[in-house]
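Have a look at the structure below, then the notes.
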Amino acid sequence: MEGKTEKKSGIRILIADDHTVVREGLASLVKRKADMTVVAEATNGREAVSLWKQCRPDVTLLDLRMPELDGVGAIREIREMDANARIIVLTTFDGDEDIYRAMKAGAKAYLLKDTAREALMECIRKVYAGETCIPSNLAAKLVERVSGEALSAREIEVLQRIAAGKSNKEIGAVLFISEGTVKTHVKSIFSKLDVVSRTEAVATATRRGLIQL
């Protein structure tokens, strides 16, 4: 955990990423901007929440998948402390479910880590000014997710166990439901994901961020 109290004026930023190279690279980039300063760096979601409470940054750059507490969980806890908290998700994951969960939790922007440097800096400025920032290609995925038919919590549970290689009978035993009920859920999963096999279902769900392997 690294707390910083620089007096440099400008947009005060908290950076949270469990990858040291990425975190330090972002900090170096921000520090070169006259209108920005890094006030804290966190190595996981739990530290991010703690440092946010301590430093009250203007904008938070947050990785989506981190140890101890993931990005969505951190967003929710920060927003509980301040519903106006300005949070930018910066991640490598572009699944529609990932985007949906982050924005629903209260993120103001969603960017991929291969975003051009100046585009990232401009996004920080926009979010600081109260705007929402999400690239058109990711916005299209979000619209598709919102308009599409979502998997139920039970279907996600079944899908997670399909990913673990469990048979319908084994899934039924674990979830305390009949094998016939599992088959019904699997059929529904295939329909909603527009797939024809268990392997394809797992691949599609992983790509979209519905499950994590």
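The values are calculated or read from the model by the stated rules, or taken from the named source; none is laboratory data. This is a predicted model, so every value here is computed, not measured. In this analysis, Cβ positions are derived from the backbone assuming ideal geometry, glycine residues included, and neighbour counts consider all displayed protein chains.
Tabulated data
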quantity: Matching entry among 131, 77, 157 (being without any contact (Cβ under 8 Å) to a residue 60 or more places away in the chain, exposed (fewer than 15 other Cβ atoms within 10 Å of the Cβ) and of a type in the set (Asp, Glu)); calculated: 131
quantity: Search result, residues across the stretch 73-104 that are at pLDDT 95 or above, part of a helix (DSSP H, G or I) and out of contact with any Phe, Trp or Tyr (no Cβ under 7 Å at 6 or more places or on another chain); calculated: 73, 74, 75, 76, 77, 79, 80, 81
quantity: Scan of the stretch 62-72 for residues that are in a loop (DSSP other than H, G, I, E, B) and among the aliphatic types (A, V, I, L, M), ordered by number; calculated: 64, 66, 69
quantity: The lone exception for residue 195 - which of (1) in contact (Cβ under 8 Å) with a residue 40 or more places away in the chain; (2) farther than 20 Å from residue 104 by Cβ it fails; calculated: (1)
quantity: Residues of the stretch 105-128 classified as surrounded by 14 or more Cβ atoms within 10 Å (Cβ to Cβ) and in a helix (DSSP H, G or I), total; calculated: 9
